[in-house]
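Report on one structure; see the data block that follows.
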Amino acid sequence: MTITIHRGTHQIGGCVTEYEQDGWRLFVDYGEELAGGPKSGVLKVAGLTHGDLSKSALFITHYHGDHIGCITQLPAELPIYMGEVGCQIQRVVSNYMKSKSPVHQAMLERLEHVRTFKETERLSFGPFQILPLTMDHSAFDAYAFKISAGGMSVFHTGDFRLHGFRSGKYEKMLQTLVGKVDYVVCEGTNVSRPDASSKTERALQQDFETLFRENKGCVVYLSSTNIDRLFSLYHAALRAGRRFYVDEYQKDVMDTVVHSGSIWTRSPLYQYDGFEPKVLSYHKYKENRFFVADSFKEALAKYGYVLIARPGERFDDLLAQIPVDKKVLSMWRGYLKEGSEAYNEALARALEEDFEYLHTSGHCDMQELPKVFAILRPSAIIPIHTDHPAAFERLFGSEWPVVCLHDGETFEPKS
Ligand SMILES: [Zn+2]
Ligand SMILES: [Zn+2]
């Protein structure tokens, strides 16, 4: 089996990896390049974007735009595989977004033909055996793949972390279901922060609960598909005795997880605790505005609230009509960096000057990463999804051989 990283050896967004065996090609991910990051532009890859596709398939690790965002550009006959629940969540997102962006209408149509798999459901494709394993990440139903073919095995990590609610299971899972592999194709997003250890999602939840107890009206801005954070906030709000409000779309996203049947949803984290999140009502006569009823205002005054908001006029208008004690940003701070490509003006406007920042990374920190290598004991590690592969090599190279590739370069293991 050979490994070619078409994109992602020197950048975080838009990774595309190809595994090839006997003329069969298994691709992993086909997403967008990150705003503000380097750009390689449109890819041309035989067996993926054009040419003979009869021995090709694409596997998607998770629904973040930098992994799935460009699948609408691929030929319709290319088979695409994705986790079942992740696919359902993407459908809810695209359905909501389709009126704002035509790409999402195309995405909905493409998702109709996506083949889905479940956690630990072994799949085969040509000479490839694929074992999908869910990893803890800021996307729900995010997968790593153990890929075996021609007597060689690779663990393709996808995006993951070891400080989330679900991370406790990774050690046993890797030991029992994966074990030693020949190579690890490993994400290295946080390589530029080698000494930073990430706050755990549980500790962050505690911080939120304290903030909710101390402040009667809290508004939190976070990614609508950061499922673990959403449910964490929901339970923290209830524990603090506050009511939890979301809009219809956000409730749809949460319901999709609750009713998904994923084995993870056996955890109380993904269950509604008696009181379901309350859904904000729309105004009957004013288009795209929430309705602020007297009874709603009275409930806010009586119980206090935690409200999940998104940047934009609808929420700005609502917040102007209710008492707000704290605004919280619970996602990457880079969106507020004025002048950068990632700058989100609506978010900056919504947050104003005075807000709390409570967030933890969706990616593994470098101090914990060696724990994964110690279980998988690879002959070499190939960094991907990183803007600094040389730093990755400096960090781990003394203990584990690190192979730094360039985009499009093919790695042929010595037999
Ligand atoms: Zn991701
Ligand atoms: Zn990513």
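The values are calculated or read from the model by the stated rules, or taken from the named source; none is laboratory data. Bear in mind that the values here come from a model prediction, so they are computed numbers and not experimental data. All Cβ positions, glycine included, derive from the backbone under ideal geometry; neighbour counts span all protein chains shown.
Mind checking which residues of the stretch 271-295 are touching a residue at least 40 places away in the same chain (Cβ under 8 Å) and under 30 Å from Met135 (Cα atoms)?
Result: Pro277, single match.
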With the structure loaded, tell me whether Asp136 is acidic (Asp, Glu), modelled with pLDDT of 95 or more and assigned by TED's automatic domain parsing to the domain that holds Gly83 or whether it fails that test.
yes
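Quick grid of which residues meet (1) surrounded by 21 or more Cβ atoms within 10 Å (Cβ to Cβ); (2) more than 19 Å from the chain's Cα centre (by Cα); (3) free of Cβ contacts under 8 Å to residues at least 60 places away in the same chain; (4) not assigned by TED's automatic domain parsing to the domain that holds Gly158:
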{"position": "Glu341", "(1), (2), (3), (4)": "no, yes, no, yes"}
{"position": "Ala348", "(1), (2), (3), (4)": "no, yes, yes, yes"}
{"position": "Glu352", "(1), (2), (3), (4)": "no, yes, yes, yes"}
{"position": "Pro370", "(1), (2), (3), (4)": "no, yes, yes, no"}
{"position": "Arg377", "(1), (2), (3), (4)": "no, yes, no, no"}
{"position": "Asp387", "(1), (2), (3), (4)": "no, no, no, no"}
With Ser224, Ser148, Ser192 as the choices, which residue is more than 29 Å from Gln88 (Cα to Cα) and either hydroxyl-bearing (Ser, Thr, Tyr) or within 16 Å of ligand 2 (Cβ to nearest atom) (or both)?
Ser192
Look through the stretch 251-266, keep the residues that are touching a residue at least 12 places away in the same chain (Cβ under 8 Å) and among the hydroxyl-bearing types (Ser, Thr, Tyr), and return whichever of them is surrounded by the most Cβ atoms within 10 Å (Cβ to Cβ).
Ser262
Can you find a residue in the stretch 293-309 that is over 30 Å from Phe117 (Cβ atoms), in a loop (DSSP other than H, G, I, E, B) and not charged (D, E, K, R)?
yes
Kindly indicate whether any position in the stretch 291-300 is touching a His at 6+ places or on another chain (Cβ under 7 Å) and surrounded by 13 or more Cβ atoms within 10 Å (Cβ to Cβ).
yes
Scan the stretch 18-36 and tell me whether some residue there is in contact with a Lys or Arg (Cβ under 7 Å, 6 or more places away or on another chain), within 16 Å of ligand 2 (Cβ to nearest atom) and more than 19 Å from His113 (Cβ to Cβ).
yes
Of all residues in the stretch 324-382 being of a type in the set (D, E, K, R) and under 19 Å from His156 (Cβ atoms), which is nearest to ligand 1 (Cβ to nearest atom)?
Glu368
Only one of these is touching a helix residue (DSSP H, G or I) at 6+ places or on another chain (Cβ under 9 Å) and in contact (Cβ under 8 Å) with a residue 24 or more places away in the chain: Gly150, Gly158. Name it.
Gly158
Residue count for the stretch 118-152, restricted to those that are within 16 Å of ligand 1 (Cβ to nearest atom) and either in a strand (DSSP E or B) or in contact with an Asp or Glu (Cβ under 6 Å, 6 or more places away or on another chain) (or both):
9
